[in-house]
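**Student:** Can you read through this structure? Questions will come right after.
The values are calculated or read from the model by the stated rules, or taken from the named source; none is laboratory data. Keep in mind that what you see is a predicted model, and the values were worked out from it rather than measured. Cβ sites come from the backbone with ideal geometry, for glycine too, and all protein chains shown count toward neighbours.
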Amino acid sequence: MPGTTPALNPTEVADFHNVLQQSKRIISVLGAGISASSGLATFRGTNGLWNGQDVMQVATPAGFRHDPGLVWQFYAYRRHEALKAKPNPAHYALAELSRRVGPSCVTLTQNVDNLSPRAGHPEGQLKQLHGNLFTLHCVDIVGCGYVDEGNFKDPLTPALDTTRAEAAAIGRVDPDHKPKASPMLLAGLARKNAQILGEKFEDKSPQADDLAPLKAAVAVGDEQEPGAARPRPMSDIRMSSGLSKEDLPQCPKCKANILRPSVVWFGEALAESTAEDAEALFADDAEPIDLCLVVGTSSKVWPTAGYAEKARKKGARIATINIEAGDAKGLRPGMDWVFVGDAAELLPELLKPVIGGPEGWKNATS
Ligand code: BJW
């Protein structure tokens with residue numbers, strides 16, 4: 001939680017500073033937690049975007065094929081929130097570290113929110129592993145191949161106007177229980193669950209708790225409690241977003257398809273060049289790695305979850321910066337550090353011996 005960082009152990013900080021100052025090759029691995037202080041929700045955990053929801057509906061190619069409107073509502077909301085947000089001191093501090101250390105300091109971010117580029121992170125030293133919310137491409141990437149980079153239009157289409165749709169939906173959401181995710185998205189998911197679960201689902205205010213997972217749909221044919229309503233077959237489930245393909249961003253090149261966000265969903269491979277660039281950092285013939293910073297990630301999603309271990313094998317000492325000590329993985333006592341707290345508070349302090357105080361770097365543009 002931002003602003004609740006406990007005091008750090010001075011001995012550990014001194015040890016870290018000593019290693020940092022001697023480090024020539026530094027790899028950082030970032031997750032949603034670095035942007036939490038900028039007001040953006042993380043994915044997992046109590047306040048996460050996915051708390052109580054089935055990610056398969058909004059973060060898989062199958063989910064998009066099934067209901068592109070619902071997925072676009074999720075990403076329209078994410079784009080809107082990311083545009084409102086500002087980079088925080090953690091983004092600026094890492095950008096400054098990259099400038100000071102130079103090309104041997106590389107950041108691998110899972111975030112698609114564009115906050116690191118907006119903090120002035122040197123482009124060649126930042127790999128956006130899961131893409132970027134502000135790049136779109138034609139769903140027929142092979143046949144048509146249209147890519148639209150740096151598209152900051154908000155709303156993308158009138159039907160994806162998050163503010164209008166949220167205003168309409170917000171009255172239906174219990175204010176004391178207001179979920180982090182967009183009410184518009186929650187309403188869509190609730191409708192979908194109602195379709196899936198039939199009469200088992202009561203149509204009430206769309207709250208995270210109501211959102212039973214889509215997996216109920218695949219339980220068709222399984223043993224049922226006597227009298228229990230049967231989930232509906234997938235073939236009966238229609239688009240629950242209420243949006244048609246005409247409501248979604250159209251491909252201006254082939255004029256036959258819709259566009260999708262250029263982000264990496266579960267089951268999709270990372271962009272080939274990005275994955276190769278990342279793997280090359282840990283290759284046998286690459287220089288040793290001195291230090292690896294793992295910032296604000298649950299380290300649950302692969303291949304990124306494996307990068308700290310790869311860095312370890314290249315000699316790196318690992319520093320985890322996270323509000324949850326338990327999210328630090330594979331710790332070696334006496335070798336690795338876990339700094340518990342808000343990355344926006346901790347990173348500027350931890351990197352200070354190399355980057356100096358914020359007066360030197362806070363004016364970076366966003
Ligand atoms: C703070 C804080 C504060 C809070 N300060 N800290 C090997 C083993 C097992 C499974 C697999 C495997 N290899 C592949 C898989 C399958 C799958 C996978 O990993 N599944 C796991 C869930 C088990 N991986 C994939 O499918 C990947 N593709 C792939 O490997 O393809 C192979 C392939 C090859 C060839 C052909 C075809 C395929 C793709 C994964 C894509 C993930 N995409 C998403 C959505 C992206 C778009 C979007 O943003 O919407 O990426 S999922 C979601 O999780 C998003 C995130 O980038 C990612 C990671 O989440 P993150 O950032 O860690 O967030 P949280 O919420 O989990 O954690 C936040 C953390 O911050 C917490 O620790 C907090 O405590 C902390 N925090 N506030 C500091 N203020």
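**Student:** Do we have Cys292 as under 26 Å from Val58 (Cα atoms) and either in contact (Cβ under 8 Å) with a residue 40 or more places away in the chain or more than 8 Å from the ligand (Cβ to nearest atom) (or both) here? Explain how you work it out, then say what you get.
**Tutor:** Details: under 26 Å from Val58 (Cα atoms): no; either in contact (Cβ under 8 Å) with a residue 40 or more places away in the chain or more than 8 Å from the ligand (Cβ to nearest atom) (or both): yes.
Spelling it out, it is not the case that Cys292 is under 26 Å from Val58 (Cα atoms) and either in contact (Cβ under 8 Å) with a residue 40 or more places away in the chain or more than 8 Å from the ligand (Cβ to nearest atom) (or both).
**Student:** Hey, another quick one. Report, by residue number, each residue of the stretch 299-320 that is assigned to a strand (DSSP E or B) and either free of Cβ contacts under 8 Å to residues at least 40 places away in the same chain or surrounded by fewer than 13 Cβ atoms within 10 Å (Cβ to Cβ) (or both). Walk me through it before giving the result.
**Tutor:** Going residue by residue through the stretch 299-320, those that are assigned to a strand (DSSP E or B) are 317-320.
Result: Ile318, Thr320.
**Student:** Sticking with this one: Being more than 14 Å from Ser28 (Cβ to Cβ), of a type in the set (A, V, I, L, M, F, W, C) and within 16 Å of the chain's Cα centre (by Cα) is the filter here, so list the residues in the stretch 68-112 that pass it.
**Tutor:** Hits for the stretch 68-112 are Val71, Trp72, Phe74, Ala76, Ala82, Leu83, Ala85, Val112.
**Student:** So the check is Cβ under 6 Å with 6+ separation or different chains; which pairs have a first residue in the stretch 329-354 that's part of a strand (DSSP E or B) and a second one that's not aliphatic (A, V, I, L, M)?
**Tutor:** These pairs meet every condition: Trp337/Glu12; Trp337/Phe16; Val338/Thr320.
**Student:** Same structure, new question: All but one of (1) touching a helix residue (DSSP H, G or I) at 6+ places or on another chain (Cβ under 9 Å); (2) modelled with pLDDT under 95 hold for Pro333, so report the exception by its number.
**Tutor:** (1)
**Student:** How about the stretch 52-100: which of its residues are within 14 Å of Glu123 (Cα to Cα) and in contact with a strand residue (DSSP E or B) (Cβ under 8 Å, 6 or more places away or on another chain)?
**Tutor:** Selection gives Leu94, Leu97, Ser98.
**Student:** OK, next. With respect to Ala85, is the statement that it is within 9 Å of the ligand (Cβ to nearest atom) and modelled with pLDDT of 95 or more true? Outline the logic, then answer.
**Tutor:** Details: within 9 Å of the ligand (Cβ to nearest atom): no; modelled with pLDDT of 95 or more: yes.
The answer is no for Ala85.
**Student:** Here is a follow-up. Within the stretch 21-37, count every residue that is part of a helix (DSSP H, G or I), crowded, with 22+ Cβ neighbours inside 10 Å and more than 9 Å from the ligand (Cβ to nearest atom).
**Tutor:** Of the residues in that region, 0 qualify.
**Student:** Ile34 - would you say it is touching a residue at least 12 places away in the same chain (Cβ under 8 Å) and touching a Cys at 6+ places or on another chain (Cβ under 6 Å)? Reasoning before the result, please.
**Tutor:** On the way: touching a residue at least 12 places away in the same chain (Cβ under 8 Å): yes; touching a Cys at 6+ places or on another chain (Cβ under 6 Å): no.
Here the answer is no, as Ile34 does not meet what is asked.
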